[in-house]
Amino acid sequence: MKKVLLLLLVVTALALTALTACRGNEENEPTPTAPPVVATTPTPQPQQNNNVGTGEDDDRQQFDNIDDFRIPPGHPLNMLEDALTRFPQHGDNGLPHVQGTIFQRGIIEPSPWQGVIGGALFSMSAVDAITAGMLGTDGGLIEMNEFDQFGEGGVWTVSHDMASRSITITQHYDVNWHDGAPLTLYDLYFTLHVMAHPDHKGPRHFRTGNTSDIVGIWEYNAQEADRIEGLVLSNNNRALTIYFNEFAPTIMYFGVWTSPMPAHLFSPYYPDNVADMIDSPYVRETPIGWGPFKFVHAEPGESYLLTRNEDYVWGVPHIENVVIRRISGDMVADAMVAGEFDAVGFRQLDFPYHMEPDNWRYFGSPGRTRQSHYAFRMGWWCFETDQNVSEMNDRVHEMMRPEAYAIRKAMALAIDWLTITQVRYNGLSFPAGSYLPIRHRPLMDLSVPMFPYDPVEANRVLDEAGFTNRDSEGYRTWLDGSRMDLIWAMAESPTAEWYYMALTQAWGDVGIRVSLWQGMFHDIWTIWDAMDFDDDDDEVHFWTGGWDHGANPANSMWAREEFENASRHNSPELDAILARINSMDAWDMDFLMEAMSDLQWYMYNTIFYFPSTWGVGLTAVNNRVANWDTRFTTLTRDYGWHTIRLTADQPVRG
C-alpha cells in the first residue's frame with residue numbers, strides 16, 4: 001500500500017502512447033514476433049568526459065554517500081517534518097481479520113476519469129496511480145530507498161559496473177502475470193524495444209532520460225539494426241545487463257525505464273503493428289499486471305472492481321475484493337462519517353472541521369514526489385524533431401521576449417505563499433524551499449533563494465523594465481502600448497476558485513492582468529491536451545503544474561528532449577548543465593553537487609518556472625483498517641496491499 005502513494009508512473013501500457021501518429025487503420029492480422037535475443041557484450045561508444053577508474057580501484061566518491069544532509073533552522077523542510085509528527089504513518093488496531101471482506105477505496109476526482117485503466121492516451125489522474133499499484137501494471141518490481149535510488153529487497157535489484165558502463169537488473173523471485181504466464185526480464189527487454197520502435201511516439205518514449213543513451217538504441221530506432229545492442233539477457237532471462245554510451249549516476253535515480261509490459265500478450269503486434277498496441281484489449285478493457293489484485297470490471301469513469309491475486313509474489317492478500325470509486329473532494333468528510341469508504345485522500349482545508357473524527361484516523365505522508373509550480377510558456381514542442389524549441393515558424397511567444405523576464409520575476413515576488421498556506425491549509429502546506437522536489441533533498445543547494453513576498457520590489461522590477469504605461473483599468477500594458485492579459489491554464493479543483501481570486505488579486509496589485517484560459521477552469525485532461533498545442537495555439541502564457549513523475553533530477557522535467565517539459569524552455573546553457581549532471585564526471589560527489597547547484601541557480605536566474613508549495617498529504621482511514629502504512633523506508637513485501645487487514649464486515653460509521 002505504501003507503494004500506492006509513491007506510484008508516479010501510469011499504466012505500463014501508456015508506454016505505447018502515440019500522441020502524434022496520423023495513420024489509417026491497418027487491416028493486416030498481427031503475427032507473433034519478438035526482438036531477437038543475442039547474448040553478446042556490446043562496445044559502448046563513449047561521449048565526452050568519460051575519464052573513469054575501474055572497479056574497486058576507483059577512488060572517486062560513490063553516489064550512494066548522499067545521506068549526510070543537514071537542514072538549516074527555519075527551512076521549510078523542518079516545517080514539513082514538524083507537521084508530519086502530528087500524524088501516524090503506520091497503524092494497526094490489533095483486532096483479528098474478518099474473511100471475505102471488500103475494501104472500499106475512494107479517489108478524489110472532480111470529473112469522471114477517462115477510459116479504462118490506461119485507456120486515455122496519457123493519464124494524469126489519481127485513479128491510475130492508485131489502481132496501477134494494486135494491479136502491478138506500473139513497475140514496482142524494484143524497491144527505492146529514501147532518496148529514490150535503486151534499493152534492495154525487491155523482486156528485482158540493480159547493480160552497476162562503472163568499468164563497463166552498465167547496470168545489471170537481477171530477478172530474485174518467481175513472479176507470474178495475472179494470467180499465469182511467468183514474468184521475467186525478457187518482458188522489460190521487449191518493452192524497451194517497443195518504446196524505441198520508430199512507430200512509437202509519445203511522452204513515455206526512449207528519447208527521455210538515460211534510456212536514450214543505451215548502446216545501439218538510436219540505430220535500432222532508425223531501423224539500422226533489428227535489436228538494441230546494449231540489452232543483453234542472461235541466466236534464463238533472470239538477468240538483464242544494460243550498456244550505456246555515457247554512464248551517469250542519474251541512472252541510479254530510476255533514470256531507465258523499468259516497468260515491463262506482458263510480452264506474451266503484446267508480441268503479436270510486434271514489429272509491424274506497434275502503433276495498434278494502444279488500442280488492444282489489454283490496455284482498454286482487461287489490463288494485466290502482476291500485483292496483489294486483478295482487474296475484474298469497470299464502470300467507465302466511475303469505479304473499478306478488483307479481486308485478490310492468489311498467486312501474488314509477496315503472499316495472498318487478506319482483502320478479498322477492492323472497489324475503487326470516484327468522489328468529489330467536498331463530499332469526502334460526509335462519506336467518511338457515513339462509513340462509505342475505508343480509505344480516501346482528505347483535503348487539507350477540511351481538516352480543521354474534522355480534527356478528531358470518531359470512526360477514522362488520519363495518516364500523513366510528506367508528498368515527497370510533488371513540487372507544485374507555475375510554468376511559463378517559453379517555447380514549443382516540435383513533433384518533427386521530438387524536441388522543445390524556443391522559436392517556430394518565425395514566431396516568438398510573448399513570455400519569451402527579453403522584457404518578459406521582469407514580468408515573470410514580478411509574478412514570483414507578488415505572492416505571499418506563507419500567508420496563503422497558513423490561512424488555507426492549516427499548517428499542512430508550506431512555501432517550497434527549493435527548486436527541487438522533496439524527494440531530491442540531498443541534491444538541494446539551500447543557499448539558492450526562493451522569491452520572497454515583496455510587492456514593492458515587484459513594482460520596481462516592472463518599472464525599471466519599462467512597463468510604466470497603464471490602461472484605463474490600471475493594468476500595465478506591453479511596451480508597445482497594447483493590452484497585456486496573461487492567460488492562465490488552471491485545473492479545476494476544490495480550491496481552484498479561491499486560489500484564482502487570491503493570486504490574480506496579488507498580481508493585479510502590481511499591475512499585471514491575469515485571466516483564465518477560455519474563461520474557465522479545466523479538467524487536467526484538457527490542459528494536458530493543450531500541450532499538443534504548440535503549432536497553432538499561442539493563447540496560454542502559463543499554467544499550474546507539479547513535478548510528480550520520474551525521479552531523474554536532471555532530465556525528467558527540463559531536458560530539451562522531454563515532452564513533459566511544461567515550459568518548453570531550453571538553451572545551450574541549460575543543455576550544458578544537464579549534460580554535466582548526466583556525465584561520467586558526476587560520479588564525483590563534489591562535481592555532481594556543483595552541477596546541481598548550477599541548475600538551481602539557473603532556474604532562479606531564468607524564472608522559466610517558479611515553485612510554490614510543498615505539503616503534507618492526508619489519508620482518512622476507517623477504524624476497521626489495520627496495518628495501513630505510508631512510510632517510505634519500509635519494503636513492499638513487508639508492508640504492502642497484501643498485508644492490510646479489515647477487522648469488521650463493514651466500514652465503521654461515525
Among (1) under 20 Å from F346 (Cα atoms); (2) open to solvent by 20 Å² or more (accessible area, probe 1.4 Å), the one test that D509 misses: (1)
Note on the stretch 445-484: residues charged (D, E, K, R), in contact (Cβ under 8 Å) with a residue 24 or more places away in the chain and surrounded by 15 or more Cβ atoms within 10 Å (Cβ to Cβ) are D445, D454, E457, R476
Out of all the residues in the stretch 211-232, is one or more among the polar types (S, T, N, Q), assigned to a helix (DSSP H, G or I) and open to solvent by less than 10 Å² (accessible area, probe 1.4 Å)? yes
Out of the residues in the stretch 236-289 meeting the condition of being among the aliphatic types (A, V, I, L, M) and farther than 27 Å from E219 by Cβ, tell me which one is surrounded by the most Cβ atoms within 10 Å (Cβ to Cβ). V283
Which members of the stretch 137-169 meet the condition of being within 15 Å of A248 (Cα to Cα) and open to solvent by 10 Å² or more (accessible area, probe 1.4 Å)? Q149, F150, V158, S159, H160, D161, M162, A163, S164, R165, T168
Taking the stated definitions as given, is I167 touching a Gly at 6+ places or on another chain (Cβ under 9 Å) and either in contact (Cβ under 8 Å) with a residue 12 or more places away in the chain or closer than 28 Å to F563 by Cα (or both)? no
Check whether at least one residue in the stretch 316-328 is farther than 24 Å from H642 by Cα and open to solvent by 20 Å² or more (accessible area, probe 1.4 Å), and report yes or no. yes
Count - residues of the stretch 597-630 that are open to solvent by less than 20 Å² (accessible area, probe 1.4 Å), acidic (D, E) and outside any strand (DSSP E or B): 0
Just to be sure I understand, how many residues within the stretch 347-364 are open to solvent by 50 Å² or more (accessible area, probe 1.4 Å) and assigned to a loop (DSSP other than H, G, I, E, B)? 3
Out of (1) more than 24 Å from the chain's Cα centre (by Cα); (2) open to solvent by 10 Å² or more (accessible area, probe 1.4 Å), what's the single condition that is false for Y425? (1)
Which of the residues that make up the stretch 235-244 are over 26 Å from the mean Cα position of the chain (by Cα), of a type outside the set (D, E, K, R) and either modelled with pLDDT under 95 or within 14 Å of W156 (Cα to Cα) (or both)? N235, N237, A239
Exception for I415 within (1) assigned to a loop (DSSP other than H, G, I, E, B); (2) open to solvent by less than 30 Å² (accessible area, probe 1.4 Å); (3) out of contact with any helix residue (DSSP H, G or I) (no Cβ under 8 Å at 6 or more places or on another chain) falls at (3)
Can we say F266 is closer than 23 Å to E492 by Cβ and in contact with a helix residue (DSSP H, G or I) (Cβ under 9 Å, 6 or more places away or on another chain)? no
Matching option when the condition is open to solvent by 20 Å² or more (accessible area, probe 1.4 Å) and at pLDDT 85 or above, among E384, E403, E391: E403
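The values are calculated or read from the model by the stated rules, or taken from the named source; none is laboratory data. Nothing here was measured: the structure is a model prediction, and the numbers come from that model. In this analysis, Cβ positions are derived from the backbone assuming ideal geometry, glycine residues included, and neighbour counts consider all displayed protein chains. All accessible areas refer to the heavy atoms of the entire protein, side chains included, with ligands and DNA or RNA removed. Shrake-Rupley method; radii C 1.70, N 1.55, O 1.52, S 1.80 Å.
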